[in-house]
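Read through the structure below, which is laid out as structure tokens, and then see the notes.
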There are 2 protein chains.
Amino acid sequence: MPQTFPRSEFETRCASAQAAMAREGIAAMLLTSEPDLRYFTGFLTRFWESHTRPWFLLVPVHGAPVAVIPAIGAELMAQSWLTDIRTWISPDYRDDGVSLLAEAIRELVPSGEALGVPLGRETALRMPPADWERLCARIGDRPRCDVSALLRAQQEVKSPAEIALIRETCALAGRAFARVPELLSPGVTLAQVFRRFQMLLLEEGADWVSYLAGGAAPGGYGDVISPADDRPLAAGDVLMLDTGAVRQGYFCDYDRNWAIGHATPEVQDVHRRLHDAARAAHEAARPGATCADLHRVIVDVLGQDPGGRLGHGLGMRLTEWPSLIPGDDTPLRPGMVLTLEPSLPLGPGRMLVHEENIVIGENGAEWLSPPAPRDIPVIDWPG
Amino acid sequence: MPQTFPRSEFETRCASAQAAMAREGIAAMLLTSEPDLRYFTGFLTRFWESHTRPWFLLVPVHGAPVAVIPAIGAELMAQSWLTDIRTWISPDYRDDGVSLLAEAIRELVPSGEALGVPLGRETALRMPPADWERLCARIGDRPRCDVSALLRAQQEVKSPAEIALIRETCALAGRAFARVPELLSPGVTLAQVFRRFQMLLLEEGADWVSYLAGGAAPGGYGDVISPADDRPLAAGDVLMLDTGAVRQGYFCDYDRNWAIGHATPEVQDVHRRLHDAARAAHEAARPGATCADLHRVIVDVLGQDPGGRLGHGLGMRLTEWPSLIPGDDTPLRPGMVLTLEPSLPLGPGRMLVHEENIVIGENGAEWLSPPAPRDIPVIDWPG
């Protein structure tokens, strides 16, 4: 498996995290999630779909990270820049890596010093809670402290190499979205459109398609997270497809809408307003503006607050911090990659949502998704 | 979204869990993972790919489950059999569902009675650890106890409706595997094979492809969890594809091997031995035999223990309990769906793995995957 990044990318990431750890007095960080492990090692596998085994990475305040992982991952991890890779045969019902991990922590964290663990927003400990309790009992004299803010501050600014990858993923999704009309003809069901759109994404260069949601219903759909049903598309439907395709481990996350046969004036108007709101947010997205500012700009153009967040971070994850909500005062910084995701209700059980992806530059934002047209595309349809 | 199962399926699942809870003196269970929520509600969405928001389900010892979920899921959850659906607008940096959840727990669990939470093997709490601490402080007078064994005992036996779905997924993957030779011609890279094989799976009826790993290398591949590289296939390679395709939320998990151009006697012999080991395990897989028994049967045929588990449960998850390891004495019961996954090393950095899927019946096992031929298929290749 060729590595996606040169070794220097990981050394830079590590050095930056370690500088922050030194400032905060943290001797090592314990990481358990797929993106956190991959961020520091480049370890890219779909095997995380199996929830049987825990995987651990220790990032000490000095020196390279230490992997404590199931033996099934040894061969792949050995291709990373790490040299200290400790393995056990998992699952082991007597001790599923806890002793091995505790020993590594005791080596890297002097007694009385702090072990950093992501404990805050958008995190979870990916290990059995009972094993976490066992681990804590073994390292009781090393206080645990939250490093989620530290990791977030670092990961929300993407490197040029990361931005290049996200740009590629957004571009391939754009090519697939442009071909969606090929899939649409009378009789086709939403389930078929979902399958064929995933095939288009693969054909256009996605390594895999981790996320696809959408809807098709008269004058607007009910939500934005549903899988497909077997109902044939019909004139008057608004079709929406929202994808998180992946290439080399980096996501896009944006959607497109189409009117089947015709668009009502209401649908036309709402699509334009969503488009204008995304464009206004793109204009406002400059270093120094905050996430709350972007939220306000979008709500101003929409004329109402649809509720929920109206955009978010994007990268190694489909969704990540920050959030475009009134309560998020994170200042935008160059290198942040965001989705802009205005939505509006049209009536009971009917909504439209529009989403684009941008990257913040020194002088403003740049589109990563090829921006959708202001007018909703209408698909020719008999009847 | 039409429901995959009739309401009675969920009522049966719920009643069975509640009987076990009553025996163990558990007033309610708190569930946070995708399969656990889906098992009791039918809530099927790929939105779990977004790790921003926690989702909660409370299963009380009497009555229907109560969902405590982000508002973005309300529309979809309302299509389930649940009527008590409580929502908050997430993310909320002040209180991301903790108060709402604590209130629901206090309603359903009398002071002093136990709240069940999955804490053991193959589980994780899918919520920020800091929020879990906050929650525990709010419900301090309700002791938490582990329900992972209870959930496992119930979920590892599949209903006829579930088996029918897994059978469908296995069958569609079988049709896609049969078409793999269409993809193989000189110049094709492993990355292209991966993309096109996913397209075949979709074409044959997969809703999505949650897992694909594999390898192609001279005389055997290095591991079984790697993504594809860009190296063109070459004569002498052994190609392996291992997929967890999904249809209506149910997985298959099996692989196939092909020899490119020719197979060495060693590769031919190992492929036959893996095949024979799987077949022997299939023969031995009857109610009353244990997982450890199946492991022993496989090792006996292989002539050595390759290490790690040699099969596992399968269903709503790509991998789940039980494990075919010496330490797992789980007795097989009718309705259990298993993978049989013998592997053998061939030399440094070279291995072969073979995997099939079976369901345990009253009188023995039935193949769900169409069994692979004993002889490794050889793909015509110039040079």
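The values are calculated or read from the model by the stated rules, or taken from the named source; none is laboratory data. The structure presented is a predicted model; accordingly, all values stated were derived computationally and were not measured. FYI the Cβ positions are ideal-geometry reconstructions off the backbone, even for glycines, and counts take in every protein chain you see. Just the protein is used for accessible areas: all its heavy atoms, side chains included, with ligands, DNA and RNA removed. Shrake-Rupley method; radii C 1.70, N 1.55, O 1.52, S 1.80 Å.
Might you tell me the accessible area per residue for the range B:193-240, computed with a 1.4 Å probe and given in Å²?
The answer is 24 Å² per residue.
With each pseudo-label sitting 7 Å past Cα toward Cβ, what's the A:N363-A:D305 distance in nm, one decimal?
3.5
Report, for B:D95, each distance to the same residue's label point in the other copies, shortest first and in nm; define the point 7 Å along Cα→Cβ.
Counterpart label points of B:D95 in the remaining copies fall at 4.4 nm.
Which Rg and Dmax, in Å, describe the Cα atoms of chain A?
That works out to 22.8, 75 Å for Rg and Dmax.
Over the range A:15-136, give the accessible area per residue in Å² for a 1.4 Å probe, as an integer.
On a per-residue basis, 33 Å².
Tell me, what HN-Hα J-couplings in whole Hz come from the Karplus equation 6.51 cos²θ - 1.76 cosθ + 1.60 at θ = phi - 60° for each residue of the range B:141-158, using x for Gly and Pro?
Taking θ as phi minus 60°, the curve returns 8, 10, x, 8, 9, 7, 10, 5, 5, 4, 5, 4, 4, 7, 6, 6, 9, 8 Hz for the range B:141-158.
What spacing in nm lies between the two simple spin-label points modelled at B:Q268 and A:A191, each 7 Å away from Cα in the Cβ direction?
Result: 4.4 nm between the two label points.
Give the peptides B:174-184, B:203-213, B:346-356 in descending order of average Cβ contacts within 10 Å, highest first.
Taking the mean over residues of other Cβ atoms within 10 Å, the ranking is B:203-213, B:346-356, B:174-184.
Dividing the Cα convex hull volume of the range B:1-59 by residue count, how many Å³ per residue is that?
78
Work out the P(r) tail for the range B:155-277: percent of alpha carbon pairs separated by more than 24 Å, whole number.
Tail of the P(r) past 24 Å holds 30 percent of the pairs.
In deg cm²/dmol and to the nearest 500, what is the mean residue ellipticity at 222 nm of chain A if only DSSP H runs of at least 4 residues count, each as -39500 (n - 2.57), divided by the residue total?
So the calculated ellipticity at 222 nm is -10000 deg cm²/dmol.
Using the Cβ atoms and a cut-off under 14 Å, what net charge is assigned to the surroundings of B:R94, where Lys and Arg are +1 and Asp and Glu are -1?
Computed value for this residue: -4.
Can you give the % of DSSP beta bridges in chain B that are antiparallel, to the nearest 5?
Of the beta bridges lying entirely in chain B, close to 75 percent run antiparallel.
What FRET efficiency do you get for B:E107 and B:D329 if R0 is 45 Å and r is their Cβ-Cβ distance, rounded to the nearest 0.05?
Computed FRET efficiency for B:E107 and B:D329: 0.70.
Which parts of the range A:211-227, residue by residue, lose 10 Å² or more of accessible area when the rest of the protein chains are there, as against the chain isolated (1.4 Å probe)?
A:Y211, A:L212, A:G222, A:D223, A:V224, A:I225, A:S226, A:P227
What's the carbon and sulfur percent of the protein assembly as shown's accessible surface, probe 1.4 angstrom, rounded to a whole number?
Taking all protein chains in place, the protein assembly as shown shows 52 percent carbon and sulfur surface.
Over chain A, calculate the relative contact order: mean separation of alpha carbon pairs under 8 Å at least 6 apart, over the residue count, as a percent.
13
Quick one: work out the % antiparallel among DSSP beta bridges in the range B:7-155, nearest 5.
If we restrict to bridges inside the range B:7-155, about 40 percent are antiparallel.
Please state the shape class of the range A:77-135: rounded when a/c is under 1.5, otherwise prolate if a/b exceeds b/c and oblate if not, all from the C-alpha gyration tensor.
Because its axes are fairly even, with a/c under 1.5, the range A:77-135 counts as rounded.
State, to one decimal in nm and shortest first, how far the label point of B:P218 sits from each corresponding label point in the other identical copies (label point: 7 angstrom along Cα-to-Cβ).
6.6
For the interface of chains B and A, what total accessible area is buried with a 1.4 Å probe, rounded to the nearest 100 Å²?
Using a 1.4 Å probe on protein heavy atoms, the buried area is about 5500 Å².
Along Cα→Cβ, 7 Å out, is where each label goes; now give me the distance between the ones at A:Y93 and B:R374 in nm to one decimal.
The answer from the label model is 3.4 nm.
Short version: ³J(HN,Hα) in whole Hz for each residue of the range B:329-342, in order, from phi by Karplus 6.51 cos²θ - 1.76 cosθ + 1.60 (θ = phi - 60°), x for Gly and Pro, what are they?
9, 4, x, 5, 10, x, x, 6, 10, 10, 9, 10, 9, x
Based on alpha-carbon positions alone, could you give the equivalent ellipsoid semi-axes of the range A:7-155 from the gyration tensor, as √(5λ), descending, whole Å?
Values for the range A:7-155, descending: 21, 19, 14 Å.
For B:46-59, what's the mean count of beta carbons from other chains sitting within 10 Å of each residue's beta carbon?
Whole-number average of other-chain Cβ neighbours for B:46-59 is 5.
Taking square-rooted eigenvalues a ≥ b ≥ c of the alpha carbon gyration tensor, is the protein assembly as shown rounded, prolate or oblate, where a/c under 1.5 means rounded and, failing that, a/b exceeding b/c means prolate?
Rounded shape, in that the Cα axes give a/c under 1.5.
Measuring nothing but label to label, 7 Å from Cα along Cα→Cβ, what are A:A74's distances to the other copies in nm, shortest first?
Copy-to-copy label distances for A:A74: 5.3 nm.
For every other residue with a beta carbon closer than 13 angstrom to the beta carbon of B:M21, add +1 if it is Lys or Arg and -1 if Asp or Glu, then tell me the sum.
In short, -1.
Just check the range B:160-379 against the gyration tensor rule for me: Cα atoms, a ≥ b ≥ c as the square roots of the eigenvalues, rounded for a/c under 1.5, and otherwise prolate or oblate depending on whether a/b exceeds b/c.
oblate
Given the rotation that superposes chain B on chain A, what residue of B brings its beta carbon nearest the axis, and what is the distance in Å?
Taking Cβ atoms only, the nearest residue and its distance are B:M199, 2.
So what's the net charge close to A:E103: Lys and Arg +1, Asp and Glu -1, counting the other residues with Cβ under 10 Å from its Cβ?
Combined, the nearby Lys, Arg, Asp and Glu give +2.
Compute all pairwise cysteine Cβ distances in chain A, then list the cysteines with no distance under 4.7 Å to another cysteine.
Those would be A:C14, A:C136, A:C145, A:C291, since no other cysteine Cβ in chain A comes under 4.7 Å of theirs.
Could you size up the charge dipole of the range B:160-200 around its Cα centre, putting +1 on the beta carbon of Lys and Arg and -1 on that of Asp and Glu, and report it in debye to the nearest 20?
140
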